[in-house]
1. Add -39500 (n - 2.57) for each DSSP H run of 4 or more in chain B, then divide by its residues: what number comes out at 222 nm, to the nearest 500 deg cm²/dmol?
2. Need one value for A:321-328: mean number of C-beta atoms belonging to other chains within 10 Å of its residues' C-beta atoms.
3. Calculate what fraction, in whole %, of the accessible area of chain A sits on carbon and sulfur atoms when a 1.4 Å probe is rolled over the protein chains.
4. Would you check the accessible area of B:ILE198, probe 1.4 Å, heavy atoms only, in square angstrom rounded to 10?
5. For segment B:165-303, what's the relative contact order in percent, using C-alpha pairs closer than 8 Å and at least 6 residues apart?
6. Test of the criteria: in segment A:142-226, which trypsin sites (Lys or Arg not before Pro) are in a DSSP loop and have at most 11 other Cβ atoms within 10 angstrom of their Cβ?
7. I'd like the mean, over residues of B:244-251, of how many other protein chain beta carbons sit within 10 Å of each residue's own Cβ.
8. Averaged across orientations, what area in nm² does the convex hull of the alpha carbons in segment B:315-356 project?
Amino acid sequence: MNTIMLSHGSGGTQTNQLINDLFFKYFSNDILNQMNDAAQINIDFKKLAFTTDSFVVNPIFFAGGNIGKLAVCGTVNDLSVSGAKPLYLTSAFIIEEGFSMANLEIIVQSMAEEAKKSGVKIVAGDTKVVEKGNADGLYINTSGIGEIYKNVNINCANALPGDVVIVNGTLGDHGMTILCERNNLGFEGDLTSDCACLNTLVDCMLEAYNGIHVIRDATRGGVAAVLNEISDFSDVTIALEEILIPIKEEVKGAAEMLGLDPLYIANEGKLCALVPEAQANQVLSAMRTHPLGANAAIIGRVTEELGHRVYMNTVVGGKRLVDMPSGILLPRIC
Amino acid sequence: MKFVDEFRSNEYSKLLVENLKSITCNKINIMEVCGSHTMAIFRYGIRDILPPNVNLISGPGCPVCVTPQSYIDTALELSSRKDVIMASFGDMMKIPGRKGSLLKKKAEGADIRIVYSPMDCLIIAQENPSKQIIFLAVGFETTAPMTAVTAIEARKKGLSNLFFFTAHKIVPPVMEALVNDPDLNLDGFLLPGNVCAIIGTEPFQFLSKNFMIPGVVTGFEPVDILQGLVTLVSLISQKDPRISNDYKRIVRTDGNPKARQYMDEAFNLVDSNWRGIGKVPKSGLEFNREFEEFDAIKHFGISYEAYDGGSGCRCGEILKGKIKPTQCPLFKKLCTPENPVGSCMVSSEGTCAAYFRYYKEL
């Protein structure tokens, strides 16, 4: 019997198979097929970005945020990395019977705070309550609409040889925090989710250079998944330099213990930008003036090699493939 | 975590590779026994930077890969029983049995929990007194002491609903089987630092004494591995069959006596079936009479005979280092991480998984 597995929601190969083999089979159209973080649509001479995302994170509260903050940031980020100014959000709640009203208020408050900070309005909503046992506490869906800036054309098919790959800071913070909290792994140290709205950072990058080829937020599947998608859509080869990749000591340590690779771990406040080399430094300098880009770094480049794949020059001078993630992240035995 | 970056240093690595290139010797075959070594070697692209005369061969040191398919099939059957909670390390979840995997069973509703330590089962057992908890006790000397301690603790707590389906194995006997194999021409071994942390270096001295083959105990960071190779290649070139401990920051000559004491307290050494390799004398651990109340095989009255999966999977030869995954006709065609034929493709330490994930003609 063919059933839905957890891996169908992990943002890797199986997620793509589900999208391609089922959703695209029935929903396929020119806008959806571009597979950007937000759909880019033209209405009355305005270019709009439109997206939706559902949030099912467990635990609902975690170091650095909660499901509500995540729900606003996630959708704001999908709009802004598409080169849009995020404008309006909707928010739908599916709540399990018995959920604490006080906790719900904390969550809604943090949604309001993030919305205010990022300049979006939550303009419509929906609430459903399901019987105890039929949901895991609380799920939130947010949809968002934004206006794409003039003279900006960001698309995951736009990467070109010579582009450099920039990230805005340390990788794997969110996923590692969740994994450790979910399993009470009790690592000491400062493991905190990077959950944040990136729209002001993206504004700052586009002000520095509005011709940025690609921006993606590196959520499920981590930077590895995003770069594989870019390499696929743009038909280019991307080479990463392991030595340049920023990873917090705590994340490195915990990932090491569990046998996981931070490149594949989810982020909620990290983006990947592909920028022509000539403009890379001006974009990087601009990013570093922003609090969410203080640790921005160039981590690789698009090479002249034929074919589409992502590989890494390792710290010890070897090479290895950085493949599309597959399955769910599972800790190893020893 | 401290001591990570130091052992991933570009500078040291370059020096070590230069060192390695300066040691003259003929073409040599070195087996890294441990799956964690295999993964690290691929993850850091170490094969690319070695001199061409040094040939690394991946060995049978992935505990999940050497567990017979009959074990997985029995685990799948047990997980479907009423009032059973199954607990397992993450690695086991994707392993293919005849009727799917534990992940698939979980999706279909079986209560299967991923644990980080068998000790987590004590809490599960306490919180679920009306359920029978079965821990899939797989692994080498690295995990067997934890199983033993958990059983000892369960007894102290008077828990009568926790059982262990054991398939623990120990490493030295299978290595003896490998060096006795006339088809394999091994000049030296990179020995598993994690296993040696428990059993020490003494159990590997037979390589040196009986077979004149050197071995180097080393860790899992790239600098550890390169340093281990420098020592090993030197020993081979000098025809010095010593067992060297290059992982002294973790491994003591006598290992961890306390951990071994727990193993001795709970287990008997028995013959064990290794997937693709066959029966290896005195290479498995089974609860002794004193602890047999924890043995799931006895408690559930399982008749359990070892067999492997068929269908053209060449894992056996891969586990013995006789062929590379790329020489298996199923590799990347019928056998992928999404649709694995053999466990080597989905275990986090499997050789096929390492080749699939990290290695392409670059």
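The values are calculated or read from the model by the stated rules, or taken from the named source; none is laboratory data. Note that the structure is predicted; figures quoted are calculated from it, not measured. All Cβ positions, even for glycine, are placed from backbone atoms using ideal geometry, and neighbour counts span all protein chains on display. Side chains are part of the model used for accessible areas, which takes the heavy atoms of the whole protein and leaves out ligands, DNA and RNA. Shrake-Rupley method; radii C 1.70, N 1.55, O 1.52, S 1.80 Å.
1. -10000 deg cm²/dmol
2. Working: counts 10, 2, 6, 1, 2, 8, 7, 5.
Going residue by residue through A:321-328 and averaging, the value is 5.
3. 53 percent
4. 20 Å²
5. About 28 percent, as a whole number.
6. Passing both the DSSP loop test and the Cβ count: A:LYS150.
7. What the average comes to for B:244-251 is 0.
8. Values: hull surface 9.8 nm².
Averaging across all directions leaves 2.4 nm² for the Cα convex hull.
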